[in-house]
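Asker: First the structure, which I've put down as structure tokens, then a few questions once you've had a look.
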Amino acid sequence: MLLSTDLVQSDLRTEYWREITRPFFETTQHPEGSNATLEGSLKSRAIGSLLIGPTSFNQQQYRRDRRIVLQGGLDQYLVQLFIAGTLEGDCDGQSISVGPGDICVFDLTRNFKSRAHEGATISIVLPRERVDKAAGGRSLHGVVLRKGAPLTRLLADFIVSLSDVSAEMERADALAMEDAAIDLLACGLARQLPDGATSDPALAQVLRRRVLDFIDANLTEPELGPTLLMRRFRVSRAHLYRVFAADGGVARVVKEKRLDAACRELMHIGGLSRSIIEIAHGLGFSSSSQFLRAFRARFDMTPSDVRQQREELAGQRLAHVQAHFAEYAQQLGLMNRLG
């Protein structure tokens, strides 16, 4: 399906484009741009669990923070091949610069902000778990494959070809292509691991997954932290930190997962509601002031703000992103018929 601001009247274009891109990020005008109106277009095609298609845009900036991550619930990578234009960004503290021919990777479970000059990309949304598995458990957030490198050229040619033929594929062919496309892209991207990758990625991946599963199952345990995890998994503090170095250490992972759990509970609509203090203490925070400071630092809003806005913050999963695009395509058709 095609969605484009060229197909709506000029005074509606900014809000239309903001709504189209809302599942992925908050889109606003570029502070140094000469365009007061946001403009862009995208084509989207589902290939099993993938979404692929070309996009174009004028100067604009994007932000994906923890609030957007939680309300959207997307557990995927966004991979973009830049056909034209440039992008400068920050991926959880890592600066990136992208130009024509480069391929950049964004983990949709993590924060990023960027500014793009007028250009075009081909974008693919991939399941994060399968890519991380190929990468030995390491996140590829902020990885950039540079134009001209043999691997980049191979992946770029594949992305362009897949985008070109996706609309012509029969459903059975698309499903058969899904696994091959994910495996090729995941393995190719994993070759670009950041410096500092562990010497035994298979074992690190197993340990990381086990530790994360244990953390998720024990967020309400007051003693949950590095010391408990060292005892539980019989590893040294140094080794545990190396496995989670890209995340800022395992203590940070525990705190952020607890904050995310608190935010999800605050956003829950219906059923019994605990007080904010009860939620904080139940998730291991020793004081409400500590919880409030950490919550505001992570989400740029207070717990009370989230609770008051929870209906507005109710989000969409990837399964609904294509439906989100379809809804706007239907509205566009109606607007054009009425016009």
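The values are calculated or read from the model by the stated rules, or taken from the named source; none is laboratory data. Worth saying up front: this structure is predicted, and the values here are computed from it rather than measured. Glycine also receives a Cβ, built like all others from the backbone with ideal geometry; neighbour counts cover every protein chain displayed.
One line per residue, one yes/no per condition, for (1) out of contact with any helix residue (DSSP H, G or I) (no Cβ under 7 Å at 6 or more places or on another chain); (2) free of Cβ contacts under 8 Å to residues at least 24 places away in the same chain; (3) under 26 Å from residue 156 (Cβ atoms):
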residue	(1), (2), (3)
2	yes, no, yes
11	yes, yes, no
16	no, no, no
26	no, no, no
30	yes, no, yes
39	no, no, yes
49	no, no, yes
53	no, no, yes
56	yes, no, yes
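Let's see how each residue does on (1) free of Cβ contacts under 8 Å to residues at least 24 places away in the same chain; (2) among the basic types (Lys, Arg); (3) in contact with a Cys (Cβ under 8 Å, 6 or more places away or on another chain):
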{"site": "244", "(1), (2), (3)": "no, no, no"}
{"site": "251", "(1), (2), (3)": "no, no, no"}
{"site": "260", "(1), (2), (3)": "no, no, no"}
{"site": "264", "(1), (2), (3)": "no, yes, no"}
{"site": "288", "(1), (2), (3)": "yes, no, no"}
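Asker: Check every one of the helices (runs of 4 or more DSSP H) wholly within region 112-191 and list those with 3 or more residues that are in the same structural domain as residue 25 (by TED's automatic domain parsing) and under 18 Å from residue 83 (Cβ atoms).
Answerer: Of the helices (runs of 4 or more DSSP H) lying wholly inside region 112-191, those with at least 3 residues that are in the same structural domain as residue 25 (by TED's automatic domain parsing) and under 18 Å from residue 83 (Cβ atoms) span 150-166.
Asker: Only one residue in 172, 204 is under 30 Å from residue 284 (Cα atoms) and modelled with pLDDT under 80. Which one? If you could, list the steps in order and put the result at the bottom.
Answerer: Details: 172 fails: under 30 Å from residue 284 (Cα atoms).
From the options 172, 204, the qualifying one is 204.
Asker: Tell me which of these residue 75 doesn't satisfy, since it passes every other one: (1) crowded, with 20+ Cβ neighbours inside 10 Å; (2) under 30 Å from residue 170 (Cβ atoms); (3) not aliphatic (A, V, I, L, M).
Answerer: The single condition residue 75 does not satisfy is (1).
Asker: Run down 144, 165, 160 and say which single residue is closer than 22 Å to residue 95 by Cβ and β-branched (Val, Ile, Thr).
Answerer: Details: 165 fails: closer than 22 Å to residue 95 by Cβ; 160 fails: closer than 22 Å to residue 95 by Cβ.
Answer to the check: 144.
Asker: Somewhere in region 81-88, is a residue part of a strand (DSSP E or B), of a type in the set (Val, Ile, Thr), touching a residue at least 40 places away in the same chain (Cβ under 8 Å) and over 26 Å from residue 298 (Cα atoms)?
Answerer: We begin by selecting, within region 81-88, every residue part of a strand (DSSP E or B); these are 81-84, 87-88.
Filter once more, keeping what is of a type in the set (Val, Ile, Thr): 83.
Checking which are touching a residue at least 40 places away in the same chain (Cβ under 8 Å) leaves us with none.
Checking region 81-88: not a single residue is part of a strand (DSSP E or B), of a type in the set (Val, Ile, Thr), touching a residue at least 40 places away in the same chain (Cβ under 8 Å) and over 26 Å from residue 298 (Cα atoms).
Asker: I've got another one for you. Which members of region 56-72 meet the condition of being surrounded by fewer than 19 Cβ atoms within 10 Å (Cβ to Cβ) and part of a strand (DSSP E or B)?
Answerer: 63, the sole residue that qualifies.
Asker: Same structure, new question: Residues in region 1-53 that are hydroxyl-bearing (Ser, Thr, Tyr) and over 17 Å from residue 63 (Cβ atoms): how many?
Answerer: So the count comes out to 9.
Asker: Would you mind telling me which numbered condition in (1) at pLDDT 80 or above; (2) among the aliphatic types (A, V, I, L, M); (3) within 21 Å of residue 69 (Cα to Cα); (4) part of a helix (DSSP H, G or I) residue 321 fails?
Answerer: That leaves (1) as the condition not met.
Asker: From the list 196, 142, which residue is modelled with pLDDT of 90 or more and at positive phi?
Answerer: The unique qualifying residue is 142.
Asker: Restricting attention to region 31-42, report how many residues are at pLDDT 90 or above and of a type outside the set (S, T, N, Q).
Answerer: 4
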